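Visitor: Right, I'll just put the structure down here and ask away after.
What follows is calculated from the coordinates using simple rules that are stated; it is not laboratory data. Just so it is clear, the model here is predicted, and its values are computed rather than measured. Reconstructed Cβ throughout: ideal geometry from the backbone, glycine too, with neighbour counts over all protein chains shown.
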Amino acid sequence: MTTHPRIALIGAGPGGLLCARVLQQHGIPVTVYDADASADARDLGGTLDLHADTGQIALEIAGLSDAFHALARPEGQAKTAMDHHATVLHHFAPDDGDTAAPEIDRGQLRRMIADHVDPATLRWGHKLTHAETLPDGTHRLHFANGTHTDADLVIGADGTWSRVRPLVSPATAAYTGVCFLDVRYDDADVRHPAIAQLVGDGHLFVRDGQGNAVIAQRNSNGVVRAYLAMRAPADWPERAGIADLSAPGAEDAVRAHLLGVFAHWDASLLPFLTDVDGGYRLRPIHVLPDTHTWPHTPGVTLLGDAAHVMSPFGGHGVNLALLDGAELAEALAGEPTVDAAIRRYEQSLRERAGALAPGANEALQHFFGDTAPGLHRAPDPAEEHRGYQERAAAYRARRSA
């Protein structure tokens with residue numbers, strides 16, 4: 001492009017920040033708006049595995065590979081599967097030097113990328129309320145703090161409940177029937193040694209074949225986090241008499257409900273339900289249609305969960321968001337017009353997300369289905385890791401060709 005458009009990027013998650021970083025590497029101005037007060041303003045949840053063929057490629061494009069590997073935990077790739085009787089069904093430990101999908105805390109990843117974006121371009125405390133198309137084809141963005149801005153290009157990186165998406169698509173995310181409760185165990189090796197030992201260095205997956213599961217993960221700084229998961233109606237807290245999970249006394253009510261749901265589980269696993277630090281955070285799982293697409297819309301595009309939120313099974317979410325951000329920025333740097341860049345980027349995005357979303361969403365339903373734990377068809381981690389590395393090599397070969 002011979003002139004620079006006014007680019008407004010909504011959402012300072014990993015994908016949005018990575019996009020801003022690569023744009024700035026190419027000398028293209030961008031302004032990033034986010035509802036949070038800062039990159040560290042809230043607890044973002046647990047750990048993420050960054051895949052060699054997607055998330056790590058994006059960080060490489062952004063010149064952030066060394067920064068990532070300084071924080072990453074390759075040992076966190078370990079995985080153990082159990083049934084609800086605490087019987088070990090499968091165990092995987094990564095080989096020395098295996099960097100196919102190292103773990104990093106969500107908060108660490110966001111902070112690391114934010115630290116490499118020009119701080120003058122970050123507008124924290126700007127929650128988008130709605131966007132409108134102006135008569136000249138540009139867009140006006142309205143924020144909850146009473147301000148507004150106009151943009152030639154709006155990039156929606158604002159997640160599952162995107163306020164940018166309505167500019168291009170009527171689609172909204174639907175509840176999958178599965179709800180997670182996000183919990184944590186601080187100083188786990190000292191204060192929760194039994195939990196720490198069960199989780200080990202990586203992940204622990206426990207399911208009962210009746211729609212209930214515990215998915216626990218080792219994080220940095222001695223923390224273990226877990227998702228206490230159930231197949232349940234969206235309004236299960238209200239049905240259980242729990243109107244507000246943050247209200248005084250709610251923790252006891254949630255604990256009692258969980259002990260009822262998981263009453264048939266082995267006693268050694270029940271501390272995952274009861275011995276939490278900091279309460280229970282509700283995270284119902286929503287997804288967009290597997291084949292979510294939208295007509296080409298001048299001056300607007302989406303990335304990450306705003307474009308293709310899918311089940312967390314497979315760990316594709318943040319990985320796709322990062323690669324979306326990198327590829328969109330490179331398209332804007334390499335094409336003669338914004339319109340050409342959006343068309344090039346969206347074609348690649350749709351092919352990639354369309355290939356992964358059906359499998360991720362099917363895996364969620366299967367995991368929380370009525371298949372006996374020992375018969376659950378879990379992917380072979382070693383085979384997955386080989387696939388990540390092979391696809392990463394193929395991607396690099398295409399870029400250098």
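Visitor: Round to a whole angstrom and tell me the spacing of the C-alpha centers of region 301-324 and region 174-204.
Guide: Measuring centre to centre over Cα atoms gives 23 Å.
Visitor: Next up: Using per-residue counts of other Cβ atoms within 10 Å, averaged over each peptide, order 255-268, 41-54 from highest down. Mind showing how you got there, number by number?
Guide: Working: 255-268: 14.9, 41-54: 20.7.
Result, highest mean Cβ count within 10 Å first: 41-54, 255-268.
Visitor: Could you calculate the contour length gain from Glu351 to Leu259, that is, 0.36 nm times the residue separation minus the distance between their Cα atoms, to one decimal place in nm? Mind showing how you got there, number by number?
Guide: Values: separation 92, 0.36 × 92 = 33.12 nm, distance 4.33 nm.
Between Glu351 and Leu259, full extension yields 28.8 nm more.
Visitor: Now a separate question. Relative contact order for the chain: what is it in percent, counting Cα pairs under 8 Å that are at least 6 residues apart?
Guide: Values: 798 pairs, mean separation 94.4, N = 401.
Dividing the mean separation by the residue count of the chain yields 24 percent.
Visitor: Rounded to the nearest 20 Debye, what is the dipole magnitude of region 176-286 about its Cα centre when Lys and Arg each give +1 and Asp and Glu each give -1 at the C-beta?
Guide: Working: 10 positive and 14 negative charges, 60 e Å.
That gives region 176-286 a dipole magnitude of about 280 debye.
Visitor: So for the chain: antiparallel DSSP bridges make up what percent, rounded to the nearest 5?
Guide: If I count the DSSP bridges inside the chain, around 70 percent turn out antiparallel.
Visitor: Additional query: What does the C-alpha gyration tensor say about the overall shape of region 176-286? Classify as rounded when a/c is under 1.5, otherwise prolate if a/b is larger than b/c, or oblate.
Guide: Numbers: a/c = 1.72, a/b = 1.43, b/c = 1.21.
Prolate.
Visitor: Using Cα-Cα distances under 8 Å and only pairs 6 or more residues apart, what relative contact order does region 176-286 have, in percent? Can you show the working numbers first?
Guide: Details: 177 pairs, mean separation 41.9, N = 111.
Across region 176-286, relative contact order equals 38 percent.
Visitor: Relative to the Cα centre, what is the charge dipole magnitude of region 57-133, using +1 at the beta carbon of each Lys and Arg, -1 at the beta carbon of each Asp and Glu, and rounding to the nearest 20 debye? Before the final figure, lay out each step's value.
Guide: Numbers: 7 positive and 12 negative charges, 94 e Å.
Its charge dipole is roughly 460 debye.
Visitor: By how many nm would the segment from Thr371 to Ala340 grow when fully extended, if each residue of separation counts as 0.36 nm and the alpha-carbon distance is taken off?
Guide: Taking 0.36 nm per residue and subtracting the Cα distance, the gain is 6.4 nm.
Visitor: Can you give the FRET efficiency to the nearest 0.05 for Arg283 and Ala393, using r as the Cβ-Cβ distance and R₀ = 45 Å? Write down the numbers at each step before the final one.
Guide: On the way: r = 35 Å, r/R0 = 0.78.
It comes out at approximately 0.80.
Visitor: Answer with one residue from Ala306, Ser268, Gly200: the one whose Cα lies farthest towards the positive end of the charge dipole of the chain, charges on Cβ with Lys, Arg +1 and Asp, Glu -1.
Guide: Result: Ala306, furthest along the dipole toward the positive end.
Visitor: In addition: Would you mind computing, in nm to one decimal, how far apart the modelled labels at Trp161 and His4 are, each placed 7 Å from Cα along Cα→Cβ?
Guide: 3.4
Visitor: Among Thr176, Pro119, Ala151, whose Cα lies farthest out toward the positive end of the dipole of region 106-219, if unit charges sit on the beta carbon of Lys, Arg (+1) and Asp, Glu (-1)?
Guide: Thr176
Visitor: Assigning unit charges at the beta carbon (Lys, Arg +1; Asp, Glu -1) and nothing else, what dipole magnitude in debye, to the nearest 20, does the chain show about its Cα centre? All intermediate terms of the calculation are to be shown ahead of the outcome.
Guide: On the way: 33 positive and 51 negative charges, 134 e Å.
Here the size comes out at about 640 debye.
Visitor: Neighbour counts of other C-beta atoms within 10 Å: give me Cys19, Cys179 arranged from fewest to most. Display every interim value, and only then the final one.
Guide: On the way: Cys19 33, Cys179 20.
Sorted ascending by nearby Cβ count, the order is Cys179, Cys19.
Visitor: A further question on this structure: In 20 Å bins starting at zero, report the fraction of Cα pairs in the chain per bin as a rounded %.
Guide: It works out to 27, 57, 16, 0, in whole percents.
Visitor: Ok, one more. I'd like the distance separating the alpha-carbon centroids of region 80-117 and region 340-384, in whole Å.
Guide: If we compute the Cα centre of each part, the gap is 18 Å.
Visitor: Helix-only estimate, please: 222 nm mean residue ellipticity of the chain, summing -39500 (n - 2.57) across DSSP H runs of length 4 or more and dividing by its residues, to the nearest 500. Could the numbers behind the result be given before it?
Guide: Working: 13 runs with 138 residues, N = 401.
Computed mean residue ellipticity for the chain: -10500 deg cm²/dmol.
Visitor: Most exposed first by the Cβ proxy, i.e. fewest other Cβ within 10 Å, how do Phe68, Phe92 rank? It would help to have the intermediate numbers written out before the result.
Guide: Working: Phe68 21, Phe92 17.
Placing the least packed residue first, the sequence is Phe92, Phe68.
Visitor: Turning to a different aspect of this structure: Explain nothing, just the number: relative contact order of region 302-401, from Cα pairs under 8 Å at least 6 residues apart, as a whole percent. Show your work: numbers first, answer last.
Guide: Numbers: 49 pairs, mean separation 26.3, N = 100.
It rounds to 26 percent for region 302-401.
Visitor: How far is it, in nm, from the label point at Thr99 to the one at Ser268 when both lie 7 Å from their Cα along the line to the Cβ?
Guide: Taking the simple label geometry, Thr99 and Ser268 are separated by 3.6 nm.
Visitor: Right, here's the next one. Identify the residues of region 242-283 with backbone N under 18 Å of a label point that sits 7 angstrom from the Cα of Ala86 along the Cα-to-Cβ direction, or state none.
Guide: 259-260, 262-276
Visitor: Among Ala247, Thr293, Ala72, whose Cα sits farthest toward the positive end of the charge dipole of the chain (+1 at Cβ of Lys/Arg, -1 at Cβ of Asp/Glu, about the Cα centre)?
Guide: Thr293
Visitor: Which order results if Val300, Val318 are arranged by neighbouring Cβ count within 10 Å, fewest first?
Guide: Values: Val300 22, Val318 26.
If I rank by nearby Cβ atoms, fewest first, I get Val300, Val318.
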